[in-house]
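Working notes, structure below.
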Amino acid sequence: MAMARLGLDRPALDRVDGLHFWRLLGTGRGNDTGPGADLRRTAVFAVWDDEADLDRFLDQHRIARRWSNASESWNVRLRALGGHGRWRGIDPLDHMTQGARSGPIAIVTRADVRRSAGRRFARAAKEVDTELHTAAGLIDVVGIGEAPVGRLATFSLWESLDAARAFAYSMPRHRQVIDETRDGDWYSEELFARFEPYGSTGTWNGRDPLEKR
């Protein structure tokens, strides 16, 4: 049912006032960031013209009311901290308020993986996922994407920007994979974006991962 809504909700979201950019997404199983899907769980990444539009959507729209009635839901508000790349030809950071670099940060990475690189990417993704879950300062992570194969992404929460940078630059397999993706031209499009998570409600796996941080 959750996956079916990914298609059925799209026309309605196209008509929501103040919704500047959005992507409905499937998720991976648990905190696995490799290829695969949890058919019971979905996600949405959305950029709004202002918070009043978001608040009105959450209070009044039938889609938001259905989300709030799910067995579990978690919402986080983000401000941009920089990055690079495009999401289906659009830079979603262009329209976002700038955030503060102190405290926890959220990171979204996504890529359209070329078919010719699919097997190499899947193998590397499993290895990096194993390394990721040993990283100091990782609060939580989930695989997200527009398709179980090919259009994949991750959403991760970190104790600090320093912790995220330490993973990016000190974990040997992760650094090696970055070089492989560039040398092998694995991606037709990619995005790396950092955010300040400045407000959250609900629970993710039974808790709010940002509570008291």
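The values are calculated or read from the model by the stated rules, or taken from the named source; none is laboratory data. Note that the structure is a prediction, hence the values are computed from the model and not measured. For neighbour counting, all protein chains shown are included, and Cβ atoms are generated from backbone atoms with ideal geometry for every residue, glycine included. Surface areas here come from the heavy atoms of the whole protein model, side chains and all, with no ligands, DNA or RNA. Shrake-Rupley method; radii C 1.70, N 1.55, O 1.52, S 1.80 Å.
Quick check, is S71 surrounded by fewer than 16 Cβ atoms within 10 Å (Cβ to Cβ), outside any strand (DSSP E or B), out of contact with any Ser or Thr (no Cβ under 9 Å at 6 or more places or on another chain) and polar (S, T, N, Q)? Full working, then the answer.
Working: surrounded by fewer than 16 Cβ atoms within 10 Å (Cβ to Cβ): yes; outside any strand (DSSP E or B): yes; out of contact with any Ser or Thr (no Cβ under 9 Å at 6 or more places or on another chain): yes; polar (S, T, N, Q): yes.
When the stated conditions are applied, S71 passes them.
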**Item:** Matching residues, the stretch 78-114, being open to solvent by 40 Å² or more (accessible area, probe 1.4 Å), in contact (Cβ under 8 Å) with a residue 60 or more places away in the chain and closer than 28 Å to H174 by Cα
**Value:** R79, G83, H84, R86, R88, G89, I90, A100, R101, T109, R114
**Request:** With the condition kept exactly as written, say whether any residue in the stretch 10-17 is open to solvent by 60 Å² or more (accessible area, probe 1.4 Å) and in a loop (DSSP other than H, G, I, E, B).
**Result:** yes
**Request:** For L39, work out the one condition from (1) in contact with a strand residue (DSSP E or B) (Cβ under 7 Å, 6 or more places away or on another chain); (2) without any contact (Cβ under 8 Å) to a residue 60 or more places away in the chain; (3) part of a strand (DSSP E or B) it doesn't fulfil.
**Result:** (1)
**Message:** Which of the numbered conditions does A125 fail, given that it passes all the others? Conditions: (1) modelled with pLDDT of 90 or more; (2) in contact with a strand residue (DSSP E or B) (Cβ under 8 Å, 6 or more places away or on another chain); (3) open to solvent by less than 20 Å² (accessible area, probe 1.4 Å).
**Reply:** (1)
**Prompt:** Taking the stretch 151-182 as the region of interest, how many residues are touching a strand residue (DSSP E or B) at 6+ places or on another chain (Cβ under 6 Å), of a type in the set (S, T, Y) and open to solvent by 80 Å² or more (accessible area, probe 1.4 Å)?
**Reply:** 0
**Prompt:** Which residues, counting only those in the stretch 98-117, are outside any strand (DSSP E or B) and modelled with pLDDT of 90 or more?
**Reply:** G99, G103, P104, R114, R115, S116, A117
**Request:** Among what's in the stretch 128-150 and is in contact with a Ser or Thr (Cβ under 7 Å, 6 or more places away or on another chain) and aliphatic (A, V, I, L, M), pick the residue that is surrounded by the fewest Cβ atoms within 10 Å (Cβ to Cβ).
**Result:** L138
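Each row is one residue, and each column tells you yes or no for (1) acidic (D, E); (2) free of Cβ contacts under 8 Å to residues at least 60 places away in the same chain; (3) in contact with a Leu (Cβ under 9 Å, 6 or more places away or on another chain).
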position: D14; (1), (2), (3): yes, yes, no
position: F21; (1), (2), (3): no, no, no
position: A52; (1), (2), (3): no, yes, no
position: L58; (1), (2), (3): no, yes, no
**Request:** Please go through the stretch 183-213 and pick out each residue that is within 17 Å of the chain's Cα centre (by Cα), within 20 Å of W67 (Cα to Cα) and open to solvent by 60 Å² or more (accessible area, probe 1.4 Å).
**Result:** T201, N205
**Request:** Starting from the stretch 180-200, keep only residues that are at positive phi and aromatic (F, W, Y), then list their pairs with residues that are at pLDDT below 95 and part of a strand (DSSP E or B) whose Cβ atoms are within a distance under 9 Å, requiring at least 6 positions of separation or different chains.
**Result:** none
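Suppose we filter R41, R62, R66, R88 for residues that are basic (K, R) and closer than 18 Å to D208 by Cβ; which single one remains? Quick ask: steps written out before the conclusion?
Values: R62 fails: closer than 18 Å to D208 by Cβ; R66 fails: closer than 18 Å to D208 by Cβ; R88 fails: closer than 18 Å to D208 by Cβ.
Answer to the selection: R41.
Against the definition (part of a helix (DSSP H, G or I), open to solvent by 80 Å² or more (accessible area, probe 1.4 Å) and of a type outside the set (S, T, N, Q)), how does R56 come out, yes or no? Can you show your working first?
Details: part of a helix (DSSP H, G or I): yes; open to solvent by 80 Å² or more (accessible area, probe 1.4 Å): yes; of a type outside the set (S, T, N, Q): yes.
Yes: the conditions hold for R56.
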